[in-house]
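**Student:** Once you've had a glance at the structure underneath, I'll fire off some questions.
Read-outs: derived from the displayed coordinates by stated rules, not from any lab. Please read all numbers here as calculations on a predicted model, not as lab measurements. Cβ placement follows ideal geometry from the backbone for every residue including glycine, while neighbour counts extend to all protein chains displayed.
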Amino acid sequence: MSNILRPDRIWDVIVVGAGLGGGTCGRALAEAGLRVLYVEQGPATPRLAENTQEAARDDPFTRQMFGCWPLPVDATVNGVRTTAFGAQGVGLGGTSSFYAAALEQPERHDFESTPDMPHPTGGWPVAHDEFAPWFARARDIMAVNGGQDPLGDPVGPLATPRPLSPRDAALGQALQDAGLHPYRAQLGIRNVEGCMECIGHKCPRNCKMDGRSAGVWPALATGRAEVLEGARVLALTGHGRTVTGLRVAHDGAEQMLRARAVVLAAGGLASPRLLMASATPDWPQGGANSSGLVGRGLMFHINERIALWPPRKAPPSSPGPRKTFSMRDFYRHQGDRMGLFQSLGLPADFGNILYVLHEKYDRSVLRRVRPGREFLRIPTLIAARILGEARVFAGILEDLPDDRNHVGFDPARPGVIIYDYTMSDDLLARRKRFRKQLKRRLRGVRSLWLSHAPELNIAHPCGTLRFSDDPARGVLDRDCRAHDLDNLYVADASFMPTSTGVNPGLTIVANALRVADALARRLSGTAP
């Protein structure tokens, strides 16, 4: 029997999930001297793998080998139910293996009320200044490069980004001439020779810093961490206020794993589902769920995609970074909580357009007509010719919690992610004002709107195990320890009580490091 699976072995910490939060939390725990086991559903794919999520097709085994969630997601959005593959990843690095490495810091009003921006929930239990050193530490381990936001407070130090191509420099100047304030996007991509950025696909080298390169691999290098791959966690086990271990399926058999503490980091959709699957006589509503809030408060972001062209006399294309600029001109407006406007880093080419159209088709009423999927190549060719060398940008509109939006669990389909989400009237009204501001401020820049109906960013689920000082209003306390369970912690986007106006990556890493510090001090007996 593997040493990992010995029934008498008790780990200091088991981390469920080896993505961005789990990977970096486990690293910090191992560096603090603790024995850490990562339990990961997916495989440890070869370092040279560089596939996208589209490459995995429909077969569950093949999808899992490519690092994609193996089963379709059962999603009901605005009352319309669809079954399609989501944006969640499995394996070392999880979803972050495919992400675009945007690691921007939220603003003060995202955490607490400010004179001109009251906080819609009253504020996070941990305020901006308490989070600040953890953001700095996160930027360090994620090797963040980029420029300073000219509209906000400096967040340095930042590594120097790769030089812009003349064509992108011309686009940046056009944005400035339009009265906007572009700055070099803050990215977790190391500036090394030959870097391909690997936006939207796995990094075969060690340039893009994700849950694998910045988390799991450094943890393994300490000699105090191990990985159990291909293991699906079925449920937490325990009694009263104590988690005693995990029941897992591995190599066709059920196994038991034990630890002094457990960290959930399976993601904003999978972590609450696992707690709901852990019902016992002591936990009749599932683990950590005496409040009934597990899975509640699901948030995403709303995307607005726009193609932008540099001036007609701009130099021709040449090599250079693709994910270039961010702007906070639209982050807030007259008391409205809006969000970041940023380069997606993806060219408007055939492959990327086809991926988007496939995603839309799989969520439409035509999804059962499988041959129709192939006919999407024709409009894709037309769109690719029209867009040419445009750069695709996206505005991300902040989402706010509504407990009616939730993750579900079906015992008959334990491996299926289920959620129900309805866009609120407030969100749709803010979206309308957001689009109006984007159209007004982008006058003078050649542009084409690529999104018209409201579009969920399904890669940004968060808020489903939110932290709060009040056990009646949240599942976790300020250290992201479950109110109900003394040795269960959470280190993924589930903890977020609001989605903020930026990509969640840096916030996930900063909080994972903060959680690791609190847990390590507690296990060593030095916690206050």
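**Student:** With θ taken as phi - 60° and the coefficients 6.51, -1.76 and 1.60, list the Karplus ³J(HN,Hα) couplings across segment 267-279 in order, rounded to whole Hz; mark glycine and proline as x.
**Tutor:** Using θ = phi - 60°, the values come out as x, x, 9, 8, 4, x, 4, 5, 5, 5, 7, 9, 5 Hz.
**Student:** Which cross-chain or sequence-distant (5 or more) residues have an amide H under 5 Å from the amide H of Gly501, H modelled 1.01 Å from N in plane?
**Tutor:** Glu107
**Student:** Another question, then. Please identify the trypsin sites (Lys or Arg not before Pro) of segment 428-518 that satisfy two criteria: DSSP loop assignment and at most 13 other Cβ atoms within 10 Å. Which are they?
**Tutor:** Qualifying residues, ordered by number: Arg443.
**Student:** To test your reading of the geometry: what angle, between 0 and 90 degrees and rounded to tens, separates the Cα axis of helix 377-387 from the longest principal axis of the chain?
**Tutor:** 60 degrees
**Student:** I would also like to ask the following. Calculate how many DSSP beta bridges within the chain are antiparallel, expressed in % of all such bridges and rounded to the nearest 5.
**Tutor:** Within the chain, antiparallel bridges account for around 70 percent of the total.
**Student:** In degrees from 0 to 90, rounded to the nearest 10, what is the angle of the helix 350-362 Cα long axis to the longest principal axis of the chain?
**Tutor:** The angle comes out near 60 degrees.
**Student:** Shifting gears a bit: If you take the beta carbon distance between Asp469 and Asn3 as r and set R0 to 41 Å, what does 1/(1 + (r/R0)^6) give as a FRET efficiency, to the nearest 0.05?
**Tutor:** Calculated transfer efficiency: 0.50.
**Student:** Treating only the Cβ atoms of Lys and Arg (+1) and Asp and Glu (-1) as charged, compute the dipole magnitude of segment 82-239 about its Cα centre; round to the nearest 20 debye.
**Tutor:** 760 debye
**Student:** In nm, to one decimal, how far is the Ile10 label point from the His239 one, both placed 7 Å along Cα→Cβ?
**Tutor:** The modelled label-to-label distance comes out at 1.5 nm.
**Student:** Further question on the same structure: Could you give the dipole magnitude of segment 1-118 about its Cα centre, charging the beta-carbon of Lys and Arg +1 and that of Asp and Glu -1, in debye to the nearest 20?
**Tutor:** Once rounded to the nearest 20, the dipole reads 540 debye.
**Student:** Could you tell me which Cys residues in the chain have no other cysteine's Cβ under 4.7 Å from their own Cβ, answering none if every one has a partner?
**Tutor:** Cys25, Cys68, Cys462, Cys480
**Student:** A further question on this structure: Give me the net charge of Gln41's neighbourhood, meaning all other residues with Cβ under 9 Å from the Cβ of Gln41; Lys, Arg count +1, Asp, Glu -1.
**Tutor:** Surrounding charge for Gln41 is -1.
**Student:** Moving on to the next point. List the residues whose amide H sits under 5 Å from the amide H of Val73, counting only those 5 or more places along or on another chain, with H placed 1.01 Å from N in the peptide plane.
**Tutor:** Correct list: Ala84, Phe85, Gly86.
**Student:** Check the straight Cα-Cα distances from Lys323 and name the aspartates and glutamates below 19 Å, setting aside those fewer than 8 residues away within the same chain.
**Tutor:** Straight-distance partners of Lys323: Glu50, Glu104, Asp149, Asp168, Glu193, Glu197, Asp210, Glu304, Asp349, Glu389.
**Student:** Moving on to the next point. Answer with a single label: of (1) 63, 48, 44; (2) 70, 56, 48; (3) 68, 57, 53, which was calculated as Cα extents along the principal axes in Å from the structure in view?
**Tutor:** Correct label is (2).
**Student:** Taking +1 at the Cβ of each Lys and Arg and -1 at the Cβ of each Asp and Glu, which of Pro321, Val263, Gly335 sits farthest along the dipole of segment 245-343 towards its positive end, judged by Cα position relative to the Cα centre?
**Tutor:** Of Pro321, Val263, Gly335, it is Pro321.
**Student:** Ok, one more. Can you put Cys480, Cys207 in order, fewest other beta carbons within 10 Å first?
**Tutor:** Cys207, Cys480
**Student:** A follow-up question, please. Put +1 on the Cβ of each Lys and Arg and -1 on the Cβ of each Asp and Glu in the chain; which of Thr114, Ala279, Gly245 then has its Cα farthest toward the positive end of the dipole?
**Tutor:** Sorting the options by dipole projection puts first Thr114.
**Student:** So who's got an amide H within less than 5 Å of the one on His333, skipping anything under 5 residues away but keeping other chains? H placed 1.01 Å off N, in plane.
**Tutor:** Answer set, sorted by chain and number: Met338.
**Student:** A further question on this structure: To the nearest 20 debye, what charge dipole does the chain have about its Cα centre, counting +1 at the Cβ of each Lys and Arg and -1 at the Cβ of each Asp and Glu?
**Tutor:** Approximately 1440 debye in magnitude.
**Student:** Ala249 to Cys195: FRET efficiency via 1/(1 + (r/R0)^6), r the Cβ-Cβ distance, R0 30 Å, to the nearest 0.05?
**Tutor:** 0.20
**Student:** Run the numbers for Thr121 and Ala412: contour at 0.36 nm per residue of separation, minus the present Cα-Cα distance, in nm.
**Tutor:** Difference between extended and current length: 101.2 nm.
**Student:** Just name one of Gly501, Ile199, Leu29: the one whose Cα is farthest towards the positive end of the charge dipole of the chain (beta-carbon charges, Lys/Arg +1, Asp/Glu -1).
**Tutor:** It is Ile199.
**Student:** Hey, what number do you get for the chain at 222 nm if only DSSP H runs of n ≥ 4 count, each worth -39500 (n - 2.57), divided across all residues, to the nearest 500?
**Tutor:** -7000 deg cm²/dmol
**Student:** So, counting K/R as plus one and D/E as minus one, what does the shell of residues with Cβ under 12 Å around Gln148 add up to?
**Tutor:** Summing Lys and Arg as +1 and Asp and Glu as -1 gives -1.
**Student:** Please compute the modelled spin-label separation between Asp177 and Arg433, points set 7 Å along Cα→Cβ, answer in nm with one decimal.
**Tutor:** So the two model labels end up 3.2 nm from each other.
**Student:** Taking Cα atoms, how many degrees apart are the long axis of helix 505-524 and the longest axis of the chain, rounded to 10 and kept between 0 and 90?
**Tutor:** Rounded to the nearest ten degrees, it is 20.
**Student:** Indicate, rounded to the nearest 5 percent, the antiparallel portion of the DSSP beta bridges found entirely in segment 1-127.
**Tutor:** In segment 1-127, DSSP labels about 65 percent of beta bridges as antiparallel.
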